[in-house]
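The values are calculated or read from the model by the stated rules, or taken from the named source; none is laboratory data. No experiment lies behind these values; they were computed from the predicted model shown. Cβ placement follows ideal geometry from the backbone for every residue including glycine, while neighbour counts extend to all protein chains displayed. With ligands, DNA and RNA removed, areas are computed over all heavy atoms of the protein, side chains included. Shrake-Rupley method; radii C 1.70, N 1.55, O 1.52, S 1.80 Å.
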Amino acid sequence: MTAKSVLSLSRVPSVLLVLLVSFVPFSYAESELRDPWTDAMASIGKTPDDLRFDRYDSSLFGGGDLRLSFFDLLINNPLKVEPYCIRSKEIYLEKSASLHDALMLMSIRVDEGVRRGLYFNDLEEVEKTAEEPDGILVALDTLYKQYGKHIPASLRREIRKWSAEAHPELVKCLALLLGASAQGLAWHKMAFQRIDRDNLEKLSDRLHTLPLLEEGDMDWDVYRLIREVDYKFLYAGALDISQAVDRATARLLSASDELYTPPLRLKTILGEIQIGTTGDDTFESKKHLFLTIDWGGNDTYFNAASSRPPVYPLGITIDLKGNDIYTGNGSAGAGIQGYGFLVDSDGDDRYEAEELGQGCGVFGVGAILDAGGDDTYQSVTLAQGSGQFGLGLLIDRRGNDTYSTYRLSQGYGFTKGCGLLMDCDGDDRYIADDTDIRFPSSQTGEHNGNLCQGAGAGLRGDLWHGHSLGGGIGILIDAQGDDCYQGGIFVQGVAYWYAVGMLVDGAGKDLYEGVWYTQGAGAHFGAAALIDESGDDRYTASINVAQGGAHDFSLAMLVDRAGNDTYQAPNLSMGAANANAIGILLDRNGNDRYGTTGSLTLGAAQIGVDQLSFRDFTFSFGLFMDLGGRDSYPRAHQGDNRIWNQRQWEARSFFDNENGIGLDGEYAKP
C-alpha cells in the first residue's frame with residue numbers, strides 16, 4: 001500500500017456544526033498542589049483512570065496481526081506516553097556510541113528481544129582466534145566452510161603477504177571482523193532455514209514493497225514470508241557482528257596515528273575485502289563490497305556497507321577520517337535480508353541514495369553510526385532509520401546535519417519493524433520534501449504523503465482482502481540544538497494502524513512545520529507523540545489534524561515541557577479528538593501563544609460518525625492543558641486560570657461521551 005493510499009483511509013471532517021462551551025474561573029492557589037489530570041477530568045465528572053480505551057470496544061472496529069506490545073502499552077495508558085518517550089530518549093542516548101547496544105534495545109521493542117553481549121562475552125573465542133598469527137585465515141576458513149568451500153591457495157598467499165606488511169592491530173581487527181561475521185552469519189542462516197533459497201532469490205527485489213503497494217493490493221509471497229523468518233536468530237547474528245564492529249572501531253581509533261599497510265583488494269566468497277590508504281580512495285566492486293576499512297583521506301564509496309540478497313548477506317565499512325561520500329541505492333547501512341553496518345568516525349560526509357539506505361532494515365538489520373562532522377543525508381524513500389520486518393538505525397553523534405527525504409524515512413517503522421534516527425548534538429534540519437510533489441497524498445494532491453520524522457504505520461486490509469498487519473515503531477530523537485522539522489502529511493510524531501510514532505526533542509529553539517496529520521497526530525488505531533523538552537519553539541500546521549489531534553481510536557499527544565512557545569493550528573488540533581479517539585496537548589511551562597483557524601480545537605471532541613453503530617457508546621476525549629505562564633488564546637472563553645468544556649452538538653443526539661476539556665492553571669514544574 002502506498003503512502004498515498006494509506007492516507008486515503010484517514011479522512012476526517014474539517015468543519016463542525018456547533019460547539020457547546022462552558023467555563024469556570026480557576027485560581028492559582030487552588031491548583032498549586034493539585035494534579036492537573038485529576039482537575040481536568042473532574043470537570044466532566046471523571047477521573048484520570050477513565051482516560052483510556054476499552055480495547056474490547058476498539059476491537060469491534062479494527063484489527064491487525066503482529067501488533068506489538070509497546071503499542072498496547074501506550075495505547076492503553078495515555079499517562080505513560082510522556083514519561084516512557086522521555087525515558088526512551090535517555091536510554092537510547094546513553095547507548096548512542098554503540099551500534100550493538102542500540103540494536104539490542106530495538107530488538108526488544110519489536111518483541112524479538114535478544115540480549116547477546118549483555119552479560120557474557122559472546123565473541124570470546126573469536127577474539128582469541130584473532131590474536132593468533134593466522135587469525136585471518138582461520139576466520140576466513142570458517143566462513144568458507146559454511147558455504148561448503150575451501151579457501152583458494154592464491155587467496156591464502158595474498159593474505160599472508162599482506163599480513164606480514166600491515167600494522168598488527170589492523171591485522172587483528174580484520175580477523176576479529178571476519179570471525180564475528182562467520183559467527184553472525186551462522187545465526188542468519190538459521191533465521192531463514194524454513195525458506196527455500198530459490199524462493200528467497202525470486203523475492204529479493206520485492207522484499208521491501210509492501211508499504212509501496214496500491215490500496216487493496218497485496219504481495220502474498222512476501223506476506224507468507226513474514227511468519228517464516230525467525231527474527232530472534234536474525235537479531236542474534238546482528239548483535240554478534242555489530243559488537244565486533246564496535247570493538248574493531250575502538251581499537252583502530254586508538255592506533256590510528258600509527259596505522260600503516262599496503263592497500264588490499266581480496267575477492268572472497270562473500271565479496272571483496274578492501275583496505276584503503278591515507279589518501280583519497282575509491283571503493284567499489286563489480287559484485288559486492290564485503291568489508292572495507294579506511295583511516296584517512298576523502299573517500300568515495302559505491303554500494304558499501306550493504307547486503308545483496310540472497311548471495312551476499314553482509315557488508316561492513318569502517319572509515320576513521322575524512323570528508324567522505326557514500327552513494328548507491330541499497331547502501332550505507334542497508335540490511336536487506338541480511339546485514340549492513342557502517343561506522344564513520346569523523347569528517348563532513350555526504351550520504352546519497354534513492355532508496356533502501358542510510359540505516360534501513362528489511363528482513364534484516366541496517367545501521368549507521370556517524371560520530372562527527374557536519375553531514376548531509378539525501379534520499380527519496382525507505383532510508384535514514386527505516387525498518388520493516390527488521391531494524392533500521394541511523395546515529396549521528398555530532399555536527400550540524402541535514403536530513404532530506406520524501407517518504408517512509410527519518411525514523412519510520414512498518415510492520416514488525418523499528419526505525420530509529422538519533423541525532424545527539426548540533427543544529428539540525430529534517431526535511432520531508434513537500435515542494436516537489438512526487439507522492440501526492442489523497443488528502444490533497446498539492447502535498448506529499450510523507451510518513452517521516454518519527455512515523456509508525458501498518459497495513460490496513462479490512463476494506464479489501466481482510467488481512468491487516470499491525471504497524472511498527474518509528475522514532476526520531478534529537479538531543480539538543482536549534483532544529484528545524486519540515487514536511488507535508490504524516491510527519492513529526494505520527495502513527496497509523498496499530499503503530500507507534502514518536503519524535504522526542506531535547507534542548508533548543510525548534511521549528512516544526514507540517515500540513516495534515518502532523519506534530520503528534522494519529523489516525524486509525526495509531527499511538528503517536530511529539531515531546532519537546534525545552535526551548536522557545538514554534539509549531540505550525542496548515543490544514544487539518546495536528547498538535548495532539550487524534551482520529552478513529554487513535555491516541556495522539558503533543559507535550560512541550562518548557563519555553564515560551566507559539567502554536568498555530570487548523571481544525572482538529574491542540575488536544576482534539578474525532579471518532580472515538582484521545583487527543584492531548586500538554587504545555588507544562590512558559591508564556592505561550594495559541595492561534596487556530598478551526599473550531600474543533602483547544603480541548604474539543606466529537607464522535608463524528610454518521611452511521612448508526614456501537615461508536616455511540618464509546619467516548620472521544622480532547623484534552624488541552626497549559627500548566628504555567630501567561631498565555632494568549634484566540635477565544636473569549638479560553639484564558640489563564642480557567643477550565644472550559646467543549647462538546648459538539650449534532651442534530652440526531654447529544655452525546656455525553658464527547659468530552660472536550662481545556663485547562664489553564666499554575667502547577668508544579670516537571
Mind listing the phi-derived Karplus ³J(HN,Hα) values for segment 237-249, rounded to whole Hz, using 6.51, -1.76 and 1.60 with θ = phi - 60°, and x for any glycine or proline?
x, 4, 5, 4, 5, 5, 5, 5, 4, 4, 5, 5, 4
Just the accessible area per residue of segment 122-280, please: how many Å² with a 1.4 Å probe?
46
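Helix-only estimate, please: 222 nm mean residue ellipticity of the chain, summing -39500 (n - 2.57) across DSSP H runs of length 4 or more and dividing by its residues, to the nearest 500. Could the numbers behind the result be given before it?
Numbers: 14 runs with 147 residues, N = 670.
Taken over the chain, the calculation gives -6500 deg cm²/dmol.
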Rounded to the nearest 20 Debye, what is the dipole magnitude of segment 361-433 about its Cα centre when Lys and Arg each give +1 and Asp and Glu each give -1 at the C-beta?
440
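Is segment 75-221 best put as rounded, prolate or oblate by its Cα gyration tensor, with a ≥ b ≥ c the root eigenvalues, rounded for a/c under 1.5, and otherwise prolate when a/b is larger than b/c, oblate when not? The partial results should precede the final answer.
On the way: a/c = 2.89, a/b = 1.45, b/c = 2.00.
Because a/c hits 1.5 or more and a/b fails to exceed b/c, segment 75-221 counts as oblate.
Return the loop-located GluC sites (Glu not before Pro) in segment 342-379 (DSSP other than H, G, I, E, B) with at most 16 other Cβ atoms within 10 Å of their own Cβ; answer none if there are none. Intermediate results must be reported in sequence, preceding the final value.
Values: sites: Glu352, Glu354, Glu355; in loops: Glu354.
Passing sites in segment 342-379 are Glu354.
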Leaving out same-chain residues fewer than 8 places away, which lysines sit with a Cα under 23 Å from that of Lys669?
Lys80, Lys89, Lys509
How do 191-201, 383-393 rank on mean C-beta neighbours within 10 Å, highest first?
383-393, 191-201
Net charge near Ser542: determine it from the other residues with C-beta under 15 Å of the C-beta of Ser542, scoring Lys and Arg +1 and Asp and Glu -1.
-2
By the Cα gyration tensor axes a ≥ b ≥ c (a/c under 1.5 gives rounded; else a/b larger than b/c gives prolate, otherwise oblate), the shape of segment 326-471 is oblate
Determine the sum of side-chain charges near Ile531: Lys and Arg each +1, Asp and Glu each -1, restricted to other residues whose C-beta is under 9 angstrom from that of Ile531.
-3
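In the neighborhood of Gly338, defined by Cβ-to-Cβ distances under 15 Å, what is the net charge if each Lys or Arg adds +1 and each Asp or Glu adds -1?
Values: positive: Lys189, Arg197, Lys287, Arg308; negative: Glu201, Asp205, Asp230, Asp240.
Counting the neighbours of Gly338, the net charge comes to 0.
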Lysines near Lys202 by alpha-carbon distance under 21 Å, same-chain residues fewer than 8 away left out - which ones?
Lys189, Lys287
Where a ≥ b ≥ c are the square roots of the eigenvalues of the C-alpha gyration tensor, would you call the chain rounded, which needs a/c under 1.5, or, failing that, prolate if a/b is larger than b/c, or oblate?
prolate
Probe radius 1.4 Å, ligands and nucleic acids ignored: give me the carbon and sulfur share of the accessible area of the chain as a rounded percent.
49
Name the residue from Ile395, Ser204, Gly366 whose Cα lies farthest towards the positive end of the charge dipole of the chain, charges +1 on Cβ of Lys and Arg and -1 on Cβ of Asp and Glu.
Ser204
Sort 121-131, 521-531 for me by packing, meaning the mean count of neighbouring Cβ atoms within 10 Å per residue, highest on top.
521-531, 121-131
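Rounding to the nearest 20 debye, state how big the charge dipole of segment 516-670 is about its Cα centre with +1 on each Lys and Arg Cβ and -1 on each Asp and Glu Cβ. Walk me through the numbers on the way to the answer.
Details: 11 positive and 19 negative charges, 33 e Å.
I would put it at about 160 debye.
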Per residue, how much accessible area does segment 303-359 show when a 1.4 Å probe rolls over the protein heavy atoms, in square angstrom?
22
Given charges at Cβ of Lys, Arg, Asp, Glu: the chain dipole, positive-most of Ile44, Tyr485, Gly135
Gly135
List the trypsin sites (Lys or Arg not before Pro) within segment 410-445 that DSSP assigns to loop and that have no more than 15 neighbouring Cβ atoms inside 10 Å.
Arg438
The chain, dipole about Cα centre (Lys/Arg Cβ +1, Asp/Glu Cβ -1), debye to the nearest 20
1860
What ranking do 175-188, 330-343, 243-256 get when scored by the average of other Cβ atoms within 10 Å per residue, highest first?
330-343, 175-188, 243-256
Checked against a 31 Å limit on the C-alpha separation, the offending pairs among Lys95/Lys416; Lys232/Lys321; Lys128/Lys161; Lys46/Lys416; Lys172/Lys267; Lys149/Lys172 are Lys232/Lys321; Lys46/Lys416
